[in-house]
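Novice: One structure, as structure tokens, below. Some questions next.
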Amino acid sequence: MLHITKAAALRSSALAAAVAVVGSAAAAQGVTITYVSGAVGAAVENFDRLVAPWEERTGNDVVLVPMPASTTDQFGQYRLWLAAQNGDIDLYQTDVIWAPQLAEHFVDLTEAAAGIVDQHFPSIVESQTVNGRLVALPIFTDAPALYYRTDLLEKHGAEVPTTWAELTETAQRIQDAERAEGNSEIWGFVWQGNAYEGLTCNALEWIKSFGGGQIVEPDGTISVNNPQAVEALELAASWVGTISPEGVLAYQEEEARGVWQTGNAVFMRNWPYAYLLGNGEDSAVRGLFDVAPLPVGEGEGATSAATLGGWNVAVSRYGRNQEVALDLALYLASEEAQKQRAINEGNLPTIMSLYEDPEVLEANPYFERWQEVFLNAVPRPSAPTQNAYNQVSSLFWSAVHDVLSGNQSAADALEVLEADLEDLKGDGWQ
Amino acid sequence: MTTTATGAAAYAPDRGETGLQEQRARAAFWFLAPMLLMLFFVAAWPLLRSIWFSFTDTTLNNLYGGEWAGFQNYLTWRELPSGRIRWGGTLADPAWWNAVYNTVRFAVISVGLETLFGLLIALMLNAEFKGRGIVRAAILIPWAIPTIVSARMWGWMLNDQFGIINHMLLSVGLIDSPIAWTARADTAMIAVIVVDVWKTTPFMALLILAGLQMIPRDMYESARIDGIHPVRVFFRVTLPLLKPAIMVAVIFRLLDALRIFDLIYVLTPNSSATKTMSIVARENMIDFNRFAYGSAQSTLLFAIIFLFVTLYIWLGRVDLTGEGRR
């Protein structure tokens, strides 16, 4: 299958080259659209393939401006560009949590997308709607998974864990056994523990799965300081240095994938993009792993929780070619582009019907199970906290990072966090 | 900028001077005018503007619509119904004071180490040996690498799983399990200081080397004829004569170290053990959409650097005159 993809890649890059030649001949009417996006995995290579059909159809050209992988870094840069009303960037690839904070800089897409929004998951479209304006179109969604090594689980006679306690126990057991056999580099579980937005995602999952709420509830109440959340964080803190390397406190997605893909981890929490990359030709775990929903916690309201991620495309109000940019945005959100993205990059579509598409399912057999996972996905509190979301998230990840590094007990950290959030909230989120 | 200003002042016409001198001063002014104008636009204007922003409620979404807010970003208080007083503003923000502490700690330790190592390297490079030119050029390499690149490079080298530093320490048996240098709160600052020392020691060495070469050779000759021990020569001849050069080098580095941003932003982003004043100011201005609050922090950063430099120059001068009299 991979060979076929490769051949297709060659063909399409040849096609792209041909288009480029034709394009330069017809440069008179074609315009260049700049698209800015974070670059994780093979995103840059894939993007060229993704937009090739649109470029061919319209005679326009798309230039990708790659940004750092960290969403926190991207956000900082975008905010600056938008505040300066930068006309060089036509389209922004935006994180699902950014809509309320950047809404005023983007074109309202309600009218342009009127015909197609119904195909998408309603909750996602809603997350991109601010004060009745649709500020971004969903291009793919994200819900993390538990990656596990089928070969190691089988070898040590273990089941796929369904609770965090089981995961802790299984990871420790396999890690110990493997190390006893001389595999000194193996770790039980890798995840994202760096102090950044990704830790907010990880920790929100732990707390939510223990029935500890979602930091700030949709109605704006601060719920983070509760015994279940304390229990969740205590369990996570116990992983550091036992089943997870100490360095996990500096890991983002790519570092975790680095350990995983070199075959040095039994379990990994990561987004779906790691699935196809893990099955790539240079991967040490190719064909040796599968994915499952994240484990469930304990106590009242325990559930499997996956943080709702996902990316959207927004049209800048300051771009010079808004009409053309809008057309490209519609293409990127379309079934055609989302299908290609799902097959080539393993991104979860936001269009419901694609979850039953045979070609998509062939490339990503686990998608079938994913529709359900992500219908139950938990959103980060970006909607209720509005403009203060980044601060809320930063306070939260700092508190969690402190607990994980053993500087503070979970109970103390959450109590202080609650007070800090109350200060920030003041008379109400705005 | 100060040098230019004093340069202009030196040419300012004295009353009662001859017409020729007045003419020269006028000509000098016109020659300096473009430079002064440029400095005003690239240095003074942004500085004054960010001080202005710090007294408003500007946000990044509304850069031109900020309204006067007084000292709210620096210090405010509010009486709660219970009678307790709640303080707000940068000066009551623990994150800010943590950043001040981090910055000062970083600046003092890193500049101290850099001066020491820079001096040692300069003394070595000042000696005559074969291939000195090549060694002098080679030692400058860390300084020539852009900070972002060296921070990334060290980030990989310090990585706990595939970093070469852990690998080396492990294989010689100094540690028994890999250390996550940049992740742990107690080693993050050490990692940052190590990288900074590695990067800027060459700069220090170069400035001190220049100072060393200004020292007349005959002083050493006469010391040798008098049969004075080399260590004594170093402390009584080399060091006092080198002092002006070291002072200048230290002040350059201190200014740089107090506003450290790029290295920490790349190597240990968001770690509260290494967040410096510049980092928190940027975080507030851009990530948190509290542009005015961040401006207040930048203004304070400016004030603190100003204070440090004034203090340093003042203390340095007192010391110098004291020696001159002896």
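Novice: Hey, A:Glu185 hits all of (1) in contact with a Ser or Thr (Cβ under 9 Å, 6 or more places away or on another chain); (2) farther than 29 Å from B:Phe162 by Cα; (3) among the charged types (D, E, K, R) but one; which does it fall short on?
Specialist: The single condition A:Glu185 does not satisfy is (2).
Novice: Just wondering, is there one or more residues in the stretch A:299-321 that are part of a helix (DSSP H, G or I), open to solvent by 20 Å² or more (accessible area, probe 1.4 Å) and either out of contact with any Pro (no Cβ under 7 Å at 6 or more places or on another chain) or without any contact (Cβ under 8 Å) to a residue 12 or more places away in the chain (or both)?
Specialist: Kept after step one, since they are part of a helix (DSSP H, G or I), are these residues of the stretch A:299-321: none.
No, the stretch A:299-321 contains no residue that is part of a helix (DSSP H, G or I), open to solvent by 20 Å² or more (accessible area, probe 1.4 Å) and either out of contact with any Pro (no Cβ under 7 Å at 6 or more places or on another chain) or without any contact (Cβ under 8 Å) to a residue 12 or more places away in the chain (or both).
Novice: Could I ask something else about it? Quick check, is A:Gln101 within 14 Å of chain B (Cβ to nearest Cβ) and more than 22 Å from the chain's Cα centre (by Cα)?
Specialist: Values: within 14 Å of chain B (Cβ to nearest Cβ): yes; more than 22 Å from the chain's Cα centre (by Cα): no.
No; evaluated as a whole, the condition is false for this residue.
Novice: Just wondering, is there one or more residues in the stretch B:220-239 that are touching an Asp or Glu at 6+ places or on another chain (Cβ under 9 Å), open to solvent by 30 Å² or more (accessible area, probe 1.4 Å), at pLDDT below 90 and not acidic (Asp, Glu)? Give the derivation first.
Specialist: Taking the stretch B:220-239 first, the residues touching an Asp or Glu at 6+ places or on another chain (Cβ under 9 Å) are none.
No, because not a single residue in the stretch B:220-239 is touching an Asp or Glu at 6+ places or on another chain (Cβ under 9 Å), open to solvent by 30 Å² or more (accessible area, probe 1.4 Å), at pLDDT below 90 and not acidic (Asp, Glu).
Novice: Same structure again: Out of B:Val237, B:Val233, B:Val172, B:Val197, which single residue is in contact (Cβ under 8 Å) with a residue 40 or more places away in the chain and either in the same structural domain as B:Asp262 (by TED's automatic domain parsing) or in contact with a Gly (Cβ under 6 Å, 6 or more places away or on another chain) (or both)? Step through it out loud before you land on a result.
Specialist: Working: B:Val237 fails: in contact (Cβ under 8 Å) with a residue 40 or more places away in the chain; B:Val233 fails: in contact (Cβ under 8 Å) with a residue 40 or more places away in the chain; B:Val172 fails: in contact (Cβ under 8 Å) with a residue 40 or more places away in the chain.
B:Val197 is the lone residue from the list that is in contact (Cβ under 8 Å) with a residue 40 or more places away in the chain and either in the same structural domain as B:Asp262 (by TED's automatic domain parsing) or in contact with a Gly (Cβ under 6 Å, 6 or more places away or on another chain) (or both).
Novice: Sticking with this structure for a sec: At least 1 residues that are under 30 Å from B:Ser271 (Cα atoms) and either aromatic (Phe, Trp, Tyr) or outside the structural domain of A:Glu104 (by TED's automatic domain parsing) (or both) in each: list the helices (runs of 4 or more DSSP H) lying fully within the stretch A:329-430 that qualify. Break it down into steps so the answer makes sense when it comes.
Specialist: Numbers: elements: A:335-345, A:358-363, A:367-375, A:382-385, A:389-404, A:410-425.
The helices (runs of 4 or more DSSP H) meeting that bar are A:382-385, A:389-404, A:410-425.
Novice: Report the residue count in the stretch A:267-290 for those that are open to solvent by 30 Å² or more (accessible area, probe 1.4 Å) and either outside the structural domain of A:Trp187 (by TED's automatic domain parsing) or under 20 Å from A:Thr162 (Cβ atoms) (or both).
Specialist: 1
Novice: Any residue at all in the stretch A:222-242 that is within 14 Å of another protein chain (Cβ to nearest Cβ), assigned to a strand (DSSP E or B) and either of a type in the set (Phe, Trp, Tyr) or surrounded by 16 or more Cβ atoms within 10 Å (Cβ to Cβ) (or both)? Steps first, please.
Specialist: Step one: filter the stretch A:222-242 for residues within 14 Å of another protein chain (Cβ to nearest Cβ), giving A:237, A:239-242.
Pick out the ones that are also assigned to a strand (DSSP E or B) and you get A:240.
Pick out the ones that are also either of a type in the set (Phe, Trp, Tyr) or surrounded by 16 or more Cβ atoms within 10 Å (Cβ to Cβ) (or both) and you get A:240.
Yes, the stretch A:222-242 contains at least one residue that is within 14 Å of another protein chain (Cβ to nearest Cβ), assigned to a strand (DSSP E or B) and either of a type in the set (Phe, Trp, Tyr) or surrounded by 16 or more Cβ atoms within 10 Å (Cβ to Cβ) (or both).
Matching residues to (1) more than 14 Å from chain B (Cβ to nearest Cβ); (2) touching a helix residue (DSSP H, G or I) at 6+ places or on another chain (Cβ under 8 Å):
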site	(1), (2)
A:Ala250	no, no
A:Arg257	no, yes
A:Trp311	yes, no
A:Glu323	yes, no
A:Ala342	yes, yes
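Novice: If you don't mind, there's one more thing I want to ask. I need the full set of residues from the stretch B:251-276 which are open to solvent by 10 Å² or more (accessible area, probe 1.4 Å), within 16 Å of the chain's Cα centre (by Cα) and among the aliphatic types (A, V, I, L, M), in order please.
Specialist: Matches in the stretch B:251-276: B:Ile251, B:Leu254, B:Leu255, B:Ile260.
Novice: A follow-up question, please. Pull up the stretch A:162-177, narrow it to residues that are touching a strand residue (DSSP E or B) at 6+ places or on another chain (Cβ under 8 Å) and over 20 Å from A:Gln228 (Cα atoms), then point me to the one that is most open to solvent (accessible area, probe 1.4 Å).
Specialist: Top of the filtered list is A:Gln172.
Novice: Of all residues in the stretch B:250-291, count the ones that are part of a helix (DSSP H, G or I), within 11 Å of chain A (Cβ to nearest Cβ) and of a type in the set (D, E, K, R).
Specialist: Count: 3.
Novice: While we're on this one: Given the conditions (1) within 14 Å of another protein chain (Cβ to nearest Cβ); (2) at pLDDT 90 or above, which single one is not true for A:Ala69?
Specialist: That leaves (2) as the condition not met.
Novice: Restricting the search to the stretch A:77-89, which residues are of a type in the set (D, E, K, R) and open to solvent by 10 Å² or more (accessible area, probe 1.4 Å)?
Specialist: Filtering the stretch A:77-89 down to residues of a type in the set (D, E, K, R) leaves A:79, A:88.
Listed by number, the list holds a single entry, A:Asp88.
Novice: For A:Leu326, indicate whether it is open to solvent by 40 Å² or more (accessible area, probe 1.4 Å), touching a strand residue (DSSP E or B) at 6+ places or on another chain (Cβ under 6 Å) and either of a type in the set (Ser, Thr, Tyr) or closer than 26 Å to A:Leu50 by Cβ (or both).
Specialist: Yes, satisfied.
Novice: Does A:Gln214 fit the bill of being touching a residue at least 12 places away in the same chain (Cβ under 8 Å), of a type in the set (S, T, N, Q) and part of a helix (DSSP H, G or I)? I'd like the intermediate steps shown before the answer.
Specialist: Values: touching a residue at least 12 places away in the same chain (Cβ under 8 Å): yes; of a type in the set (S, T, N, Q): yes; part of a helix (DSSP H, G or I): no.
Here the answer is no, as A:Gln214 does not meet what is asked.
Novice: Test B:Gly316 against the criterion of being among the small types (Gly, Ala, Ser) and exposed (fewer than 14 other Cβ atoms within 10 Å of the Cβ), and give yes or no. Spell out the reasoning first.
Specialist: On the way: among the small types (Gly, Ala, Ser): yes; exposed (fewer than 14 other Cβ atoms within 10 Å of the Cβ): no.
The answer is no for B:Gly316.
Novice: Could you tell me whether any residue of the stretch B:114-136 is at negative phi, within 12 Å of chain A (Cβ to nearest Cβ) and assigned to a helix (DSSP H, G or I)?
Specialist: no
Novice: For the condition of a type outside the set (Asp, Glu) and modelled with pLDDT under 80, what is the one hit in B:Thr76, B:Thr18, B:Thr59, B:Thr90?
Specialist: On the way: B:Thr76 fails: modelled with pLDDT under 80; B:Thr59 fails: modelled with pLDDT under 80; B:Thr90 fails: modelled with pLDDT under 80.
Exactly one of B:Thr76, B:Thr18, B:Thr59, B:Thr90 is of a type outside the set (Asp, Glu) and modelled with pLDDT under 80, namely B:Thr18.
Novice: Looking only at the stretch A:216-267, which residues are touching a Pro at 6+ places or on another chain (Cβ under 8 Å) and either closer than 18 Å to A:Gly299 by Cα or among the aliphatic types (A, V, I, L, M) (or both)?
Specialist: Hits for the stretch A:216-267 are A:Val216, A:Val259.
Novice: Could you pull out the residue among A:Leu361, A:Leu395 that is within 14 Å of chain B (Cβ to nearest Cβ), open to solvent by 10 Å² or more (accessible area, probe 1.4 Å) and not polar (S, T, N, Q)?
Specialist: Numbers: A:Leu361 fails: within 14 Å of chain B (Cβ to nearest Cβ).
Unique residue meeting the criteria: A:Leu395.
Novice: Of (1) farther than 20 Å from B:Gly294 by Cβ; (2) surrounded by 12 or more Cβ atoms within 10 Å (Cβ to Cβ), B:Trp77 satisfies all except one. Which?
Specialist: With (1) farther than 20 Å from B:Gly294 by Cβ; (2) surrounded by 12 or more Cβ atoms within 10 Å (Cβ to Cβ) applied to B:Trp77, the lone miss is (2).
Novice: If you don't mind, there's one more thing I want to ask. Select from the stretch B:158-189 the residues that are within 22 Å of B:Thr103 (Cα to Cα) and surrounded by fewer than 17 Cβ atoms within 10 Å (Cβ to Cβ) and list them in ascending order.
Specialist: Selection gives B:Asp186 alone.
Novice: Quick one: A:Val400 ticks every box in (1) at pLDDT 90 or above; (2) surrounded by fewer than 21 Cβ atoms within 10 Å (Cβ to Cβ); (3) within 14 Å of another protein chain (Cβ to nearest Cβ) bar one, so which box is it?
Specialist: Of everything listed in (1) at pLDDT 90 or above; (2) surrounded by fewer than 21 Cβ atoms within 10 Å (Cβ to Cβ); (3) within 14 Å of another protein chain (Cβ to nearest Cβ), A:Val400 misses just condition (2).
Novice: So which residues in the stretch B:63-73 are on the phi < 0 side of the Ramachandran plot, assigned to a loop (DSSP other than H, G, I, E, B) and modelled with pLDDT of 85 or more, if there are any at all?
Specialist: Going residue by residue through the stretch B:63-73, those that are on the phi < 0 side of the Ramachandran plot are B:63-69, B:71-73.
Keeping just the survivors that are assigned to a loop (DSSP other than H, G, I, E, B) gives B:63-67, B:69, B:71-73.
Of everything in the stretch B:63-73, those that are on the phi < 0 side of the Ramachandran plot, assigned to a loop (DSSP other than H, G, I, E, B) and modelled with pLDDT of 85 or more turn out to be B:Glu67, B:Ala69, B:Phe71, B:Gln72, B:Asn73.
Novice: Answer with yes or no whether B:Phe41 is aromatic (Phe, Trp, Tyr), modelled with pLDDT of 85 or more, open to solvent by 100 Å² or more (accessible area, probe 1.4 Å) and assigned to a helix (DSSP H, G or I). Before you say what the answer is, go through the steps one by one.
Specialist: Values: aromatic (Phe, Trp, Tyr): yes; modelled with pLDDT of 85 or more: yes; open to solvent by 100 Å² or more (accessible area, probe 1.4 Å): yes; assigned to a helix (DSSP H, G or I): yes.
Judged against the criteria, B:Phe41 is a match.
Novice: While we're here: Which helices (runs of 4 or more DSSP H) does the stretch A:95-197 wholly contain that include 1 or more residues that are more than 28 Å from A:Tyr355 (Cβ to Cβ)? Reasoning before the result, please.
Specialist: Numbers: elements: A:99-102, A:122-127, A:150-155, A:164-180.
It comes to A:99-102, A:150-155, A:164-180.
The values are calculated or read from the model by the stated rules, or taken from the named source; none is laboratory data. The structure displayed is predicted, hence computed values, not measured ones. In this analysis, Cβ positions are derived from the backbone assuming ideal geometry, glycine residues included, and neighbour counts consider all displayed protein chains. Side chains are part of the model used for accessible areas, which takes the heavy atoms of the whole protein and leaves out ligands, DNA and RNA. Shrake-Rupley method; radii C 1.70, N 1.55, O 1.52, S 1.80 Å.
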